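I have placed the structure first, in the form of structure tokens, so that the comments after it can refer back to it.
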Amino acid sequence: MEIRIYFEGDRSLKPGFDAFFVELKNHAREKRCNFSLIAGRSGETACRYFGAALKTHPEAWNILLRDAERPLDRDRSAALCRERGWDRVNADSVFWMVEMMEAWFHADKSALKGFYGSKFNESALKKNPNVELISKKDLEDGLREATKGSSKGGYYDHKAKHGADLLAAVNPELVRKAAPNCQKLFEAVLSKLA
């Protein structure tokens, strides 16, 4: 068995995703299952890679992980499959970071504070316990404001580097509790590996 996750984002995020998904990787290793993370840069490129993998790696469980960019509706995965001409069964292999990956960072504000240090302005971040209900604009504005005084520089000035470091720093358990679609991904993979 093989699991291949095609994620939206620069390949510099791969070490961060490796750390974030360590529980899944360890379970896969125990089951002698190859576990690969493949960067797709943009959402469009990730979709192309995923679509190609459905043909080139049919024996693997190919997973697409994308930013939703907006509130997520129930049929978004099925709609994407229709748009792309993929079999509807592949909708169960499409997972979303809602509204964007940076929502996951809001689930573990102590990791953000630990990373950015004393000049981190935590009060600039929305306090919603379901981070998937924070709009993309509020996520971006909050991170921009919270990190602008940091000695490491602002998040959006160093997005690729900081994104990877923060993915590795945040607690996946906290993210799973605050991001239902992240929980859904973990549950699906762990169930497949059971």
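Just so you know, all these numbers are worked out from the coordinates, no wet-lab data involved. Everything numeric here is computed off the predicted structure, so don't read it as measured data. All Cβ positions, even for glycine, are placed from backbone atoms using ideal geometry, and neighbour counts span all protein chains on display.
Relative to the present Cα-Cα distance, how much length would full extension add between ASP18 and LEU54 at 0.36 nm per residue of separation? Intermediate results must be reported in sequence, preceding the final value.
Values: separation 36, 0.36 × 36 = 12.96 nm, distance 2.23 nm.
Contour length minus the Cα-Cα distance gives 10.7 nm.
When the helix-only estimate is applied to the chain (DSSP H runs of n ≥ 4, each -39,500 (n - 2.57), divided by the residue count), what is the mean residue ellipticity at 222 nm, nearest 500 deg cm²/dmol?
Details: 10 runs with 96 residues, N = 194.
Result for the chain, helices only: -14500 deg cm²/dmol.
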Next item on the list: Could you work out how far apart the two model spin labels at ARG74 and LYS31 are, taking each label as a point 7 Å from the Cα in the direction of the beta carbon, and quote it in nm?
Entry: 2.8 nm
Checklist line | Separation of alpha-carbon centers, region 134-194 and region 82-111, rounded to whole Å | finding: 12 Å
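Would you please give the FRET efficiency between SER118 and ALA160, computed as 1/(1 + (r/R0)^6) with r the Cβ-Cβ distance and R0 = 25 Å, to the nearest 0.05?
Numbers: r = 24 Å, r/R0 = 0.97.
With R0 = 25 Å, the Cβ-Cβ based efficiency is 0.55.
Would you mind getting me the FRET efficiency between GLU2 and ARG88? Use the beta-carbon distance for r and R0 = 22 Å, nearest 0.05.
Details: r = 22 Å, r/R0 = 1.02.
Between GLU2 and ARG88 the formula returns 0.50.
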Notebook entry, point to check: If you stretched the chain out fully between ASP141 and LYS184, how much longer would it get, using 0.36 nm times the residue separation minus the C-alpha to C-alpha distance?
Noted result: 12.8 nm
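I'd like to verify something in the chain: which complete DSSP H helices, judged by Cα projection on the helix axis, reach 15 Å or more and average at least -0.5 on the Kyte-Doolittle scale?
Details: long enough: 43-56 (19 Å, -0.06); 136-147 (17 Å, -1.50); 180-193 (20 Å, 0.14).
Going by DSSP H runs, the hits are 43-56, 180-193.
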